[in-house]
Amino acid sequence: MTTPTLSLTDKVAVVTGASRGIGRAIAELFAREGATVVICGRKLETLQQVAAEMKDFPGRVYPLACHVGRAADIRNLVDTTHREFGKIDILVNNAATNIAQEPVLQVDEAKFDKMIEVNLKSAFRLMQAVAPDMCRRGSGSIVNIASIAGLRPQFHGMLYSMTKAALIMMTQSYALELGPQGVRVNAIAPGLVQTVLSEYFWNDEEKLRHVIDGQPIKHLGQPHEIAEVALLLASDHGSYLTGQTLVVDGGRLLP
């Protein structure tokens, strides 16, 4: 009996915002599936600890500090990955922030610009930097982590909803143009998942109960449940999927 081949063997993946939450879960699963995974975040020490905890996985985990809101950091991330590993097969744009959980009339331009820079422009810069080589090689998968807030407006969360909605449209536009060159581009729209970023919603029992009561699957989403979908999109198992936004929300958006 032959041992099944790991689905990401010989693949090189870059995962942003991978020191915790959904990004870490994706990086861990990719490494378990045999990929070389470049994990990035703002603090190298934290990334090194994450990498140490994954040292026994089939794939290699390589920590690299990168502030996705800075163009120079993104360029260094891509250049270093190409120099160390020769290619990027998979890009996961996961890093995001939410600094404006407030009424729309209280939002100021500084917060607007910050949310665009981190949640949207970072994904644009990374896709612009990574996709050309993917196209030249005729193969690649890009996975953008959006949100159901990009499909329906989040109350007191206009900037987060706006950036995630734009990310979904960017996903479709890149998929349309890059598909003929062998590059697939998809998005995942999680519902409420237990991460530090979403703590505002699940750390309050009343808010959490309101969410759980409104969805058919009666538990708070976990990062590994998003990672499994990212693996599908990143691997050859998703070879006929592009331009899609897969909603993973426990059924919350059902009528």
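The values are calculated or read from the model by the stated rules, or taken from the named source; none is laboratory data. Just so you know, these numbers come straight off a predicted model, no measurement behind them. When we count neighbours, we look across all protein chains shown, and the Cβ atoms used for this are built from the backbone with ideal geometry, even at glycine. The accessibility values were calculated without ligands, DNA or RNA, using every heavy atom of the protein model including side chains. Shrake-Rupley method; radii C 1.70, N 1.55, O 1.52, S 1.80 Å.
One residue alone among Gly243, Gly221, Gly214 is small (Gly, Ala, Ser) and more than 19 Å from the chain's Cα centre (by Cα), and that residue is Gly214. Every test in (1) in contact with a Leu (Cβ under 9 Å, 6 or more places away or on another chain); (2) more than 23 Å from Ala146 (Cβ to Cβ) is passed by Met54 save one, and that test is (1).
Restricting the first member to region 129-144 and to residues that are without any contact (Cβ under 8 Å) to a residue 60 or more places away in the chain and more than 10 Å from Ile88 (Cβ to Cβ), and the second to residues that are open to solvent by 40 Å² or more (accessible area, probe 1.4 Å) and assigned to a helix (DSSP H, G or I), the beta-carbon pairs closer than 6 Å and six or more apart or on different chains are Cys135/Gln181.
The sole residue among Ile188, Ile212 that is hydrophobic (A, V, I, L, M, F, W, C), more than 24 Å from Ala166 (Cα to Cα) and open to solvent by less than 20 Å² (accessible area, probe 1.4 Å) is Ile212.
The set of residues from region 84-100 being open to solvent by 50 Å² or more (accessible area, probe 1.4 Å) and under 22 Å from Met158 (Cβ atoms) comprises just one member, Ile99. Contact annotation: residue pairs with Cβ atoms under 9 Å, 6 or more positions apart or on different chains, pairing a residue in region 228-245 that is within 10 Å of Ile188 (Cβ to Cβ) with a partner that is charged (D, E, K, R), are Leu233/Arg184. Taken over region 32-83, the residue count meeting the criterion of being touching a residue at least 40 places away in the same chain (Cβ under 8 Å), open to solvent by 40 Å² or more (accessible area, probe 1.4 Å) and within 22 Å of Lys121 (Cα to Cα) is 3.
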